Structures are given as C-alpha cells and as structure tokens.
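Asks: Below are the structure tokens for one structure; questions will follow.
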Amino acid sequence: HFVEYFPNRELGVVEFHLGNLEAAEAALKDSLEAVDTERAHYYLDLVRREQIAKGSVSDTTEPEVNTTLEPGRILASRELDFEVDTTDDVGVAELTVNGKEIYQRGASEANEKLAAKEEIILNEGTHTIQVAARDLSEKVVKKEVEVVVDLTGPTIGVFSPIEPTVTEHGTVVLEGATVDKNGVVSVAVDQGLVAESTGTKKLPFDTELPL
C-alpha cells in the first residue's frame, strides 16, 4: 500500500510545536524543495511570524507596492488590465486589489518580488482602484489610483449655418462647439481638422467651408 508521505514537512510541523524554529524552518524548506504543498507553506509562515515576534528576524521596512496603473487614466472600455508587484524584507503575506485577495501559496520570500496580473470590469464613471500589501508582521501599505471609464462621445452643437440654408455663395461659415466632461481634443470636418486642444471640456470651432 502506498500513501502520500512528507517526512520533512511533518518533521517541520513537530519542530514548530516544540519551539525549535530554526530546525522547523530547515525541514519545511527541504519539504518545499521536493514538493510544493499548502501545508508546508502554512507552517513556514507560522515559523517566520514566530521568529519576527521573538526578534530573531528583524522587520525594518513596510511592503513596497508598484503598479502599472496610471493616475487619472481615461478608459474607452470597461476592461481594465494592469500589473502589480510588491516586495518586503520579511515577505509579503497578502496582496489585495479592491479587497479581493490575489491567490498565493504562502508568503513570499524576503525581498522576493510577488507579481500578479489583474483584469477588472468597471461601469462608466470614476473609480478608485486600491492595491494593498500586508507583510508577515502585519504591516500594511495601500496605494490608490483613480481611473475614469468614458463610454460616451462628445456632444456637438452647430450654431451656423442654420437648417435649411439657401445661399448663392460658394462658401459657408461653419460655427459651433463641442463639449465633453472628460475633455475634447479635436474637431474635424470631412477628415479636415478645424479645431484642437489639449483636452478642454468645451471646444468651439469656426471655419469657412467650400460648397
């Protein structure tokens, strides 16, 4: 009869309960090198937390969080794709995005980068994306980035010519304005640019067109 047996892992568990933290850490790491299991990660995290509590491992810094999210970013679709990574001098125990935990098997190693890719579906409007990292000594760092989902195009108003217009001239003056809460960058007529800006919320235009 064959059963799954993890001698180093179970030895590490016993050593932890006996208070032999160094021996427990060594046995659990040997077990993880052979087979990656949830139980070994769980007890290795307990060992490292106990080492921090007893002062044999020093935690001098908070987690460092980096993300590809750009503050003030305007999206033309509901899908937001981004990457996030975090490191810590004793290991990152938890990484969350808007309160949702990013799955990992146990805490990361000290100073090891923990990276993840995420996709979030957002409704139209302004949203705050919060990324938080917690290390093994319960230090928490949060980073918030505001993004805007804009699925509605600008509104165009034509003041002149009025409809219907009858004229004997070979040109007509086109005058109006376009508005958008997130800014207008250009107005074009038949592929010809008639007005542009860096993103003003109201952009007037005035041009003479051949008929």
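Asks: Quick one: would you say L69 is open to solvent by less than 90 Å² (accessible area, probe 1.4 Å), within 16 Å of the chain's Cα centre (by Cα) and under 30 Å from D59 (Cβ atoms)?
Replies: yes
Asks: Looking at this structure, is S108 hydroxyl-bearing (S, T, Y), surrounded by fewer than 12 Cβ atoms within 10 Å (Cβ to Cβ) and in a loop (DSSP other than H, G, I, E, B)?
Replies: No: the conditions fail for S108.
Asks: Pick from segment 146-205 the residues that are of a type in the set (D, E, K, R) and in a loop (DSSP other than H, G, I, E, B): which of them is nearest to I120 (Cα to Cα)?
Replies: D150
Asks: Among the residues in segment 140-160, are any on the phi > 0 side of the Ramachandran plot and either surrounded by fewer than 16 Cβ atoms within 10 Å (Cβ to Cβ) or in contact (Cβ under 8 Å) with a residue 12 or more places away in the chain (or both)?
Replies: Within segment 140-160, none of the residues are on the phi > 0 side of the Ramachandran plot and either surrounded by fewer than 16 Cβ atoms within 10 Å (Cβ to Cβ) or in contact (Cβ under 8 Å) with a residue 12 or more places away in the chain (or both).
Asks: Sort out which residues of segment 30-45 are open to solvent by less than 50 Å² (accessible area, probe 1.4 Å) and under 31 Å from the mean Cα position of the chain (by Cα), and write them in order of number.
Replies: Correct list: L32, T37, A40, H41, Y43, L44, D45.
Asks: Identify all residues within segment 161-179 that are out of contact with any strand residue (DSSP E or B) (no Cβ under 9 Å at 6 or more places or on another chain) and touching a residue at least 24 places away in the same chain (Cβ under 8 Å); write none if there are none.
Replies: Taking segment 161-179 and keeping what is out of contact with any strand residue (DSSP E or B) (no Cβ under 9 Å at 6 or more places or on another chain), we get 162-164, 166-169.
Within segment 161-179, T167, H169 qualify.
The values are calculated or read from the model by the stated rules, or taken from the named source; none is laboratory data. It should be emphasised that the depicted structure is a prediction, and the values quoted were computed from it without experimental measurement. Here the Cβ is made from the backbone with ideal geometry for all residues, glycine too, and neighbour counts use every protein chain on show. Heavy atoms of the whole protein, side chains included, go into the accessibility calculation; ligands, DNA and RNA do not. Shrake-Rupley method; radii C 1.70, N 1.55, O 1.52, S 1.80 Å.
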